[in-house]
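The values are calculated or read from the model by the stated rules, or taken from the named source; none is laboratory data. Keep in mind that what you see is a predicted model, and the values were worked out from it rather than measured. When we count neighbours, we look across all protein chains shown, and the Cβ atoms used for this are built from the backbone with ideal geometry, even at glycine. When the accessible area is computed, the model is the full protein with side chains, heavy atoms only, and any ligands, DNA or RNA have been set aside. Shrake-Rupley method; radii C 1.70, N 1.55, O 1.52, S 1.80 Å.
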Number of protein chains: 2
Amino acid sequence: MTTQNVQTAPRMKAAERRELILEAATAVFGANSYVGTTTDEVARAAGVSQPYVVRLFGTKAKLYIAVIERAYERIISEFSRVLPGPPDERLKRMGAAYAGLLSERGMLPVIANSTALGGDPEIGPVARDGFNGIWRFVRDEAGFSEEETREFMAGGMLINAIVGLRLVGAYGTEKSVTEVLDACFPDAVARVRELMPQVGEPW
Amino acid sequence: MTTQNVQTAPRMKAAERRELILEAATAVFGANSYVGTTTDEVARAAGVSQPYVVRLFGTKAKLYIAVIERAYERIISEFSRVLPGPPDERLKRMGAAYAGLLSERGMLPVIANSTALGGDPEIGPVARDGFNGIWRFVRDEAGFSEEETREFMAGGMLINAIVGLRLVGAYGTEKSVTEVLDACFPDAVARVRELMPQVGEPW
DNA sequence: CTGAGTTGTTATCGAATGATTACTTGGAGA
DNA sequence: TCTCCAAGTAATCATTCGATAACAACTCAG
């Protein structure tokens, strides 16, 4: 007995622990970018030791790859969920679904950051695959026109920028910000407003 | 005489050297992001020693701030340049002008990266100012409608993502990529195609 | 011509970080 | 019950990076 469970994390199957770490890593990578994040921060956020994170994923880059793969899958999954329904409101639903992912910490920032890492030989291909996957889904599965697809993707990138810049802190005080947020996606903006992190928040 | 000019960089007024370093720093920060860039890389790219870079700008963060301020000024300057002319083609000209900045190394990637740093207490405010500045210019100086402004900014963010992902390497082979590039900005895409860095290029 | 301020360097430090090694402990199956 | 694999940790290492300090040489005003 005694079960001196003072220091060590409660036992868990590796797959389950992996998922926990991926969730924590998404939040931390999202807050600090890829290069700006230490494996130790991820480990502490997940409640395990730093060497264990490295051992489970092999390397920091491989961990990050797992994180963005999971994030892109998550987006496709949300889009699929809101696909059924009135076709004329499909774009609004998908925009709101994307903005809704703000509630899952780091999800959108990680996506945004991945679009800047195309030059990395390891991460680049994964990021391109993820981006292309969303693009194809929007066009083929959701049935958007070429023009609609471009606009939808561009709108998503704009949301990423707004989130990354923490622009919502200025909502209401800065006219141009208010403008963009209201115009961005008809239904998305409400979600963005309620979910977006403020300036200086650790998030 | 003798002027043993073996190691030390040729003398230059500090202001001139500052500009040289800013240009080099834009390229390096653009290629590797803020956190991923060392002051030593910047120094070597500029042909001076690392401590001198630090001394000229005080700190790495201040150097980066000078870089993005310069980049945002550069964008405004280009937009101003193409402002005169037929109003119905103003949007096309400005889109092409933005894409044309691809020829100045690191300019667009630096802008893209700055939109992810809103959470930084030092850099965040500068990035927000720059973004808001462009926004206001597009709406007030260029006279775009609210809707046009949003679409223009969103298109710019999409270009940033395409560049960051090195998507152009797949142009012609990947159907969806071809689609977006052609649809993005009528005249911008030609410039993007000829100027965009390929996958794996140091750029 | 000279000397003082500016331009620039070399040497070096302390902290941080990703990774490796060797060790411990819990728990499921024979 | 016993044992062996999986889960997890502590200790530690080699690098890297931003910053500081001390020093050297060019140049221009008087």
Which ones in region B:80-109 are at pLDDT 95 or above, out of contact with any helix residue (DSSP H, G or I) (no Cβ under 8 Å at 6 or more places or on another chain) and either among the basic types (Lys, Arg) or surrounded by 14 or more Cβ atoms within 10 Å (Cβ to Cβ) (or both)?
none
Any hit, region B:8-31, residues being of a type in the set (Ser, Thr, Tyr) and closer than 29 Å to A:GLY119 by Cβ:
yes
Give the residue, chosen from B:LEU20, B:LEU63, that is over 30 Å from B:PHE144 (Cβ atoms) and either acidic (Asp, Glu) or surrounded by fewer than 18 Cβ atoms within 10 Å (Cβ to Cβ) (or both).
B:LEU20
Given the conditions (1) farther than 30 Å from B:LEU63 by Cβ; (2) modelled with pLDDT of 60 or more, every one holds for B:THR173 apart from (2)
What about B:SER77, is it small (Gly, Ala, Ser) and modelled with pLDDT of 95 or more?
yes
Considering only residues of region A:33-58 that are within 14 Å of chain B (Cβ to nearest Cβ) and crowded, with 19+ Cβ neighbours inside 10 Å, which is farthest from the chain's Cα centre (by Cα)?
A:GLU41
Quick one: how many residues across region A:86-122 are without any contact (Cβ under 8 Å) to a residue 60 or more places away in the chain, away from every other protein chain (no Cβ under 14 Å) and within 25 Å of A:GLU23 (Cβ to Cβ)?
3
Filtering region B:123-149 down to residues that are open to solvent by 20 Å² or more (accessible area, probe 1.4 Å), facing chain A (nearest Cβ under 7 Å) and under 20 Å from the mean Cα position of the chain (by Cα) yields B:ARG128, B:ARG136
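Working carefully through the options B:GLU78, B:GLU69, find the one that is free of Cβ contacts under 8 Å to residues at least 24 places away in the same chain, of a type in the set (Asp, Glu) and either away from DNA strand D (no atom under 12 Å from the Cβ) or more than 14 Å from every other protein chain (Cβ to nearest Cβ) (or both). So that I can check it myself, show each step before the final result.
Working: B:GLU69 fails: free of Cβ contacts under 8 Å to residues at least 24 places away in the same chain.
Result: B:GLU78 is the single residue among B:GLU78, B:GLU69 that is free of Cβ contacts under 8 Å to residues at least 24 places away in the same chain, of a type in the set (Asp, Glu) and either away from DNA strand D (no atom under 12 Å from the Cβ) or more than 14 Å from every other protein chain (Cβ to nearest Cβ) (or both).
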For region B:20-38, how many residues are in a helix (DSSP H, G or I) and within 11 Å of DNA strand C (Cβ to nearest atom)?
2
